[in-house]
Amino acid sequence: MPEPNHTPQRLVKPAPGRFPWKPPLFAAAAVVCLCLIMAPSMGRTATSEVPGPQPAPAPELLAATPAPKPAPTPTPSPTPAPEPTPQPYDYAQPVPAGEAAELSWFDDAVFIGASRTDGLRLYSGIQGADFLCYKGVTVFNVMDRERQYIKLDGKKYSFLDALSLKQYAKVYISLGINELGYYDDEGFRDEYAAFLDAVREIQPGAQIYIQRLIPVNPEKCKSSKQADWLTNERIALYNGIISQLAEDKQVYLLDPGEAMVDDQGEMPYEATVDGLHFKREWYKKWLDYLLAHTVALEGVNLDDTQ
């Protein structure tokens with residue numbers, strides 16, 4: 001094994017101006033220099049590549065939805081007015097007042113009654129109508145064909161036979177005043193109903209009018225010695241029966257007394273000659289009432305041979 005050399009070595013001092021070539025050191029220095037040269041560029045690149053705080057994006061505006069246009073309201077078609085339902089005629093009530101008819105209204109009419117009806121013929125000024133009347137006649141004998149009360153052209157007829165001689169457009173009936181003394185109220189109603197049936201059979205195309213009884217003047221009746229049963233109380237009772245008959249048989253009801261009585265519901269004292277029959281001026285009031293209370297003639301068929 002060789003002995004270590006302990007001989008001091010002389011340090012060789014490099015020549016001035018010259019550096020010994022040391023490759024590793026030189027390489028490191030080159031790397032440092034290169035980094036220094038590239039650092040600004042790299043900083044700028046890094047800065048540009050790293051995003052900084054960005055402004056918030058503007059909110060996306062939604063397209064405004066247009067408000068729907070209201071649909072035009074359709075113009076409603078006019079609703080035709082419903083046809084009025086005709087109300088049934090109330091036969092229990094008197095025919096309402098209307099425009100007064102001309103006297104020619106009675107050209108195709110016939111009147112049936114007792115002495116008061118005959119007074120209408122004589123004193124009212126009525127024209128054109130036929131009259132089948134007899135003093136004291138009642139519903140209890142007008143249907144009796146054996147009783148020939150009516151005299152026409154020299155011949156005698158019963159009421160029903162005389163009524164059958166021609167066809168009329170209107171039949172006016174005033175019965176009941178003489179029946180007050182019979183005190184047979186139910187019999188009166190039944191006989192009157194049967195008479196109305198007979199009239200309708202004989203005159204099928206005619207309007208039938210039945211008249212309530214005209215009240216009397218009690219004071220004049222007493223002074224004239226009229227029968228004690230001839231009272232306005234009895235007349236009111238029979239007028240109720242007549243009204244019921246009009247409704248039952250569907251004939252037209254008239255109430256001429258409403259145009260002739262005073263505030264007490266009586267015939268004025270000065271209006272009558274005996275409490276029962278009237279003076280001329282009041283028969284004219286009766287006629288005026290009849291002219292103002294008529295029903296339009298519809299569907300009336302008269303025999304052409306009349």
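The values are calculated or read from the model by the stated rules, or taken from the named source; none is laboratory data. Quantities reported herein were computed from a predicted structural model and do not represent experimental measurements. Reconstructed Cβ throughout: ideal geometry from the backbone, glycine too, with neighbour counts over all protein chains shown. Ligands, DNA and RNA are stripped out before the accessible areas are found, and what is left, the full protein with its side chains, is counted by its heavy atoms. Shrake-Rupley method; radii C 1.70, N 1.55, O 1.52, S 1.80 Å.
Please compute the per residue accessible area over the stretch 181-250 with all protein chains in place, 1.4 Å probe, rounded to a whole number of Å². Let's see the in-between values first.
Details: 3370 Å² over 70 residues.
Solvent-accessible surface per residue comes out at 48 Å².
Amide H contacts of Gly176: Val139, each under 5 Å away and 5 or more positions distant or on a separate chain (H built 1.01 Å from N in the peptide plane; Pro and chain starts excluded). Residues in the stretch 229-246 carry Karplus couplings, in order, of 7, 7, 10, 6, 5, 5, 5, 4, 4, 6, 5, x, 5, 5, 4, 5, 5, 4 Hz; the curve used is 6.51 cos²θ - 1.76 cosθ + 1.60 with θ = phi - 60°, and Gly or Pro positions show x. As a calculated quantity, the FRET efficiency between Asp262 and Thr75 at R0 = 51 Å, using C-beta atoms, amounts to about 0.25. Taken over the C-alpha atoms, the stretch 180-306 has Rg and Dmax values of 16.6, 51 angstrom. Annotation: the stretch 155-215 has a Kirkwood hydrodynamic radius of 12.9 angstrom, from the mean reciprocal C-alpha pair distance.
Centre-to-centre, using Cα atoms only, the stretch 195-238 and the stretch 76-129 are separated by 19 Å.
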